[in-house]
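A short write-up of the structure that comes next.
The values are calculated or read from the model by the stated rules, or taken from the named source; none is laboratory data. Bear in mind the structure is a predicted one, so any value in this text is a computation, not a measurement. Here the Cβ positions follow ideal geometry from the backbone for every residue, glycine too, while neighbour counts run over all protein chains shown. Accessible surface areas use protein heavy atoms only, side chains included; no ligands, DNA or RNA. Shrake-Rupley method; radii C 1.70, N 1.55, O 1.52, S 1.80 Å.
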Amino acid sequence: MDKKIDLSKPVYDLVKQYPELTDIMVELGFSEITKKVLLNSVGKFMTIPKGAAMRGIAMTDIVMALQKHGFTLAGEQPSGAQSGMTGLKYAPNERNEKLKSYLKRLGKGESLESVRADFKAEFSDVEAAEIMQAEQELMAEGTPLREVQQLCDVHSALFHGATREEQIMNAEREVAASVDRTEQAHAMAASHAQEAAALLAVDGHPVQTFMRENQALETLLAEAFNAAENRTSVDELLPRLREIGIHYAKKGDLLFPHLKVKYHISGPSQVMWTIDDEIRDELASLAKNANHDDAWWQRFKEVCVRMKEMIYKENNILLPICVANFTEDEWHNLYQDSKDYAPCFGITPHEWPAAEAKKRIIPQHEGEIVMPGGHLTLEQLITMLDTLPMEITFVDADNFNRYFNDGEKAFKRPSMAIDREVFSCHPPKIEPMVRAIISDLRAGKRDQLPIWMEKNGKPYLVNYMAARDKAGNYVGTVEVVQDMSFAKDHFLPSK
C-alpha cells in the first residue's frame, strides 16, 4: 500500500503516523528526532523542509530517501523548502550551546542585565524544554548541582517574557488581534501551546488545578509584599503561605519522578525540588521566630520573591514540559493520585469527568498478586504481613476466620481455627460481646472499636475495624493486636 507523506505537516505528526520515519530521518542527519523531549515540543511545529534548511540538507536527498522507503508526496507542499525558518538564527544544537553560554556567564557572576541584553539580541523566544536541557547538560558537564540550584531563580529571570509558552498564553489571554507572530510562533500556537491552553480549560485537569493554586498564591504574595512594605502583622497570612508545602508535595510526588524516570527529564527533580524544600524550610523557620526585626522581614521578603519565581518556572517551564510529554492515561492517573492531597490556598480541585469515568488499568504481573497499590509475590506478601509488629486476624462477611499472620502471639490463634466461625473461638461469656461488636461494624454503627488492656504486665491495644470495599459494602472485620510497650517507654519520662 502506497504511503503518502505531506511535508507541510509537523515532524511530530508524521512520526506518529509513520513510526518508521524516525530511522529514515536519523540516517539523513536529523539525530534530534530520537530525543522524545524535543520531538514532543519542537517537533510539534518543525516541518521536514524547515529542518532541512536549518541543517543545510538538500530536499532532493530527503525526497529520494523517502521514495526509496515507499513514500510518495501528497497534499499541499511548502514552497521555498531551502529557505530558513523565520526567528531561528541557530540550529538546535547551536541554540543549546548558546543558551548554556548565557547560563555559564551568570554562574561566573556577570550581571543579569548584561546577559539578558545579549540574549534578547540573539533570541526572539525560547522553548521551555530548551531551558531545562541546557541546565541538565551543564550538570552533565560538571557544573555542581548546588551552583545550578542557587542560580535557578536568576536563570528563570533571564527568560522572563521570552518562553514561547508564555508568549502564546499571554496572546491567548489578551486576544491580541494585532499580534504579528512569526511563522514559527504561529505553528507553535497551532500545536503545543493550543494543547496546553486546552488542558487549562478542562475542568478538573491537574494542570488547571496547579494553575489555579498558583493564581491564589499570587494573591497571597501580593498581600505578603504589602505586609513587608508596611510591617503589618502576618500572623494569619504566614500559615496560609505555608500551605505551599501541599502544592510542592504534589509536584515532588507526582510530576518530578515521572518526568525523570519515564521521560529522562531530570532537571526539575534536581533543581526545582531542592528549591521547593528550601522555601518550605525557610517559611517554617520564620514561623517559629516571634522576633520580627529587620533581618526577619528581609528573610520574609526574600522567600516571597523565591515563591514568586517558582510560580513563573512552574507555569512557563515545568507544566508546559509535562503537557508536551504526559499521555492522557498518565494525566488520568495523576488526577486520581492528587485526591490524596489536601486542598491548599482555598482551592478545591474540580471534578474531571473524563478521568472519573475511566477506571485505572492495573498492569498484570505473571506469578504475582496484583493490587491497586502495587504487586507482590505471594512470598513477599506473606513476609510483609508477618513482619508487621502486630497480630492480624481477618474475619469474612459470613463471620468465618480466614487469615492470621504468623509469628509469636500474646493472643494465640491456632491454625485449626481457620474456616471456623469466629464466635466458636470465644468462651460463652465473651461471645455476646464479640457478636455485638461485629454486628455494629457490619451495620455501620461504628467503623472501629479500640480496646486497651493489659496482659502479662504489658499494655495492648486491640482494635476491631470494619473492612469495606470502595462502594462501602462490608466485607469483614479486621482485628489488630499491638503491644504498646514501645510507646509507653518512649513517651513516659525516665525515672
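Subtracting the Cα-Cα distance of Asp329 and Asp13 from 0.36 nm times their residue separation leaves 111.8 nm of extension gain.
Summing charges over neighbours of Asp386, with a neighbour being any other residue whose Cβ is under 14 Å away from its Cβ, gives -2 when K and R count +1 and D and E count -1.
In order along the range 227-241, phi translates into HN-Hα couplings of 5, 5, 5, 9, 6, 8, 5, 10, 4, 8, 6, 4, x, 5, 5 Hz, rounded to whole numbers, per the Karplus curve 6.51 cos²θ - 1.76 cosθ + 1.60 with θ = phi - 60° and x for Gly and Pro. A simple packing score, the average count of other Cβ atoms within 10 Å per residue, orders the peptides 255-267, 223-235 as 255-267, 223-235, with the highest score first. For the range 399-457, the solvent-accessible area with a 1.4 angstrom probe is 71 square angstrom per residue. Starting from the Cα of Lys470, draw a straight line to each of the lysines and keep only those under 24 Å, dropping any in the same chain fewer than 8 residues away. Within the straight-line limit of under 24 Å, Lys470 reaches these lysines: Lys250, Lys339, Lys358, Lys359, Lys445. Working from label points 7 Å from Cα in the Cα-to-Cβ sense, the Ser31 to His365 distance is 3.7 nm.
Backbone amide hydrogens, once placed in the peptide plane, bring Gly204 within less than 5 Å of His350, excluding anything fewer than 5 places away on its chain. Summarising the label geometry, the points placed 7 Å from Cα in the beta-carbon direction at Gln215 and Ala228 lie 2.4 nm from one another. Residues whose amide H lies under 5 Å from that of Asn399, counting only those 5 or more places away or on a different chain, are absent; hydrogens are built 1.01 Å from N in the peptide plane. For Lys488 and Thr387 in the same chain, what is the full-extension length gain: residue separation times 0.36 nm, less their Cα-Cα distance, in nm? Here the answer is 34.2 nm.
Residue ranges 383-389, 316-322, 400-406 sort as 316-322, 400-406, 383-389 when ordered by packing (mean number of other C-beta atoms within 10 Å per residue, highest first). Stretching the chain fully between Glu302 and Glu20 yields a gain of 96.4 nm (0.36 nm per residue, less the alpha carbon separation). FRET efficiency for the pair Thr348 and Asp396, taken as 1/(1 + (r/R0)^6) with r the Cβ-Cβ distance and R0 = 35 Å, rounds to 0.40.
Label-to-label distance, Lys445 versus Ser101, with points set 7 angstrom from Cα along the beta-carbon direction: 8.0 nm. Taking a sphere under 11 Å around the Cβ of Asn401 and counting the other residues whose Cβ falls inside, with K and R at +1 and D and E at -1, yields a net charge of -2.
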